[in-house]
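Quick note: the coordinates plus some simple rules give every number you see, no bench work behind them. Not measured: the values here are computed from a predicted model. Reconstructed Cβ throughout: ideal geometry from the backbone, glycine too, with neighbour counts over all protein chains shown.
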Amino acid sequence: MDRFSVGRMPGPSLVQSAPACRPLTERSGEGLLDTGRKSLHRFVFGVSTVVFLAYFMREIVSPVAGIGVIILLLTAGCSESTDYAQPIAYNHATHIQEVGMECIDCHIQAETHQKASIPNIALCIECHEEALTESMEEEKLVTYIQEDQTIPWVQVHRVPDHAYFSHRRHVAMGKISCEQCHGQVTEMTLPFTKPAFQINMNFCIQCHKNNQVSTECADCHR
């Protein structure tokens, strides 16, 4: 069995961290009710926070500042622009251009699940149980594997709880390429420390309009 076929076999830890994307009709009534309550609570809390900050800025600072706060919070992205430090300087370009791997060889659930999954030692061990190069970064990876320690990757692409996003629907069904949301990953020599694009509501709505698909609120806010 070669590494590419192995790469599509989800390890137990990855399956647990990335639950399958199921149609809305397949979810239990109780689960939907519970999700609805949580979403309502988060929505109310979010609106209350916006109103309070806007009122505070308007009364204490200026009316313009209050309006600015509202605009800023409403257009803030799901994915932050903060720079994060990653534990290993993973090189996408080497794996894709030189080794010939594809995104789904490591992000094994991108075509079949809601979450694409972030690879960890259960997958990396198939190629890196022992060092293949003299790279210091690969040495870090081998150490994680030998010590059976999970690599503490920092997830930089996030969707808020009140929004639903499915990789399966976009990648497998919608034929959206990874580059449209994640940039030129095939040329990256370092891992993500922040999103390639600020993925927020405006970003998603514009993409939906460009591809002539629904922009109904209930499609993403469930």
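Side notes on the structure shown:
- FRET efficiency for Thr150 and Ile60, using Cβ-Cβ distance with R0 set to 45 Å, rounded to 0.05: 0.50
- Mean projected area of the Cα convex hull of the stretch 145-186, taken over all directions, amounts to 4.9 nm².
- When +1 charges are put on Lys and Arg Cβ atoms and -1 charges on Asp and Glu Cβ atoms, the dipole computed for the stretch 68-222 relative to its Cα centre reaches about 1060 debye.
- Charge-dipole axis of the stretch 105-196 as Lys and Arg at +1 and Asp and Glu at -1 on Cβ define it, positive-most pick from Leu123, Ala163, Thr186: Ala163
- Two-decimal Rg/Rh across the stretch 104-222, once Rg and the Kirkwood Rh are taken from alpha-carbon atoms: 1.03
- Net length available on complete extension from Glu137 to Gln198 is 19.2 nm, with 0.36 nm assigned per residue and the Cα-Cα distance removed.
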